[in-house]
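The values are calculated or read from the model by the stated rules, or taken from the named source; none is laboratory data. On a predicted model such as this, the values are computed, not experimentally measured, just so you know. The accessibility values were calculated without ligands, DNA or RNA, using every heavy atom of the protein model including side chains. Shrake-Rupley method; radii C 1.70, N 1.55, O 1.52, S 1.80 Å.
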Amino acid sequence: MDCARERAVPLPLSGCLVRLGTGSRRRAVLEIYVEPGGLFDVVLADVLGARPLRAAVRGGGTRDGWSLAWGHLLGPAAPVVTFGPRRAAARAPVAVVADAFWVAEVPGRHRRVQVTCADASDTGRLHRIRRSPAPAGPVA
């Protein structure tokens, strides 16, 4: 994922959008959009006391469900991200963004995610995302 060059990258499974911006003191900012125009989260780099897992969401239908998590990069290597219960965990491919953040996405509507990196580990629940329905058009 090359957010630095593209500035905004759609994620293939969820259709969510990841955008890189610049915050105060020229620090990197990661923006997560869950639908067109729907800003869901803003993550600022170099936050004191940052945890590896910032947030995680799941969405889609039963056949085309997806799970997405993102957070702070706390060490030189990408974290190990697994979705689902321990007995049936799905390890996710991880994309590093601007050497400050990571994003991971897998098929399936999981309820839990675990992130392990450097000297930290974090576990969280995925929040369910409901996309707003398409507008019905003008009402006469």
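In segment 21-61, Rg over Rh equals 1.04, where Rg is the alpha-carbon radius of gyration and Rh the Kirkwood radius from pairwise Cα distances.
Working from Cα pairs under 8 Å separated by at least six residues, relative contact order for segment 1-110 is 23 percent. Surface composition of segment 62-123: carbon and sulfur make up 47 percent of the accessible area, probe 1.4 Å.
Close amide H pairs (under 5 Å, H built 1.01 Å from N) link Arg112 with Gly84, Leu126, residues at least 5 positions away or on another chain. Measuring only protein heavy atoms, the 1.4 Å probe finds Thr22 accessible over about 80 Å². Legend: residues Arg54, Arg91, Arg25, Arg63, sorted from most to least accessible area (1.4 Å probe; ligands, DNA and RNA excluded), read Arg63, Arg25, Arg91, Arg54. Residues Val80, Val29, ordered by accessible area of protein heavy atoms at a 1.4 angstrom probe radius and largest first, appear as Val80, Val29.
Length gained on full extension, Arg63 to Glu31: 8.8 nm, using 0.36 nm per residue less the C-alpha separation.
In the chain, the ratio of gyration radius to Kirkwood radius, Rg to Rh, stands at 1.00 when only Cα atoms are counted.
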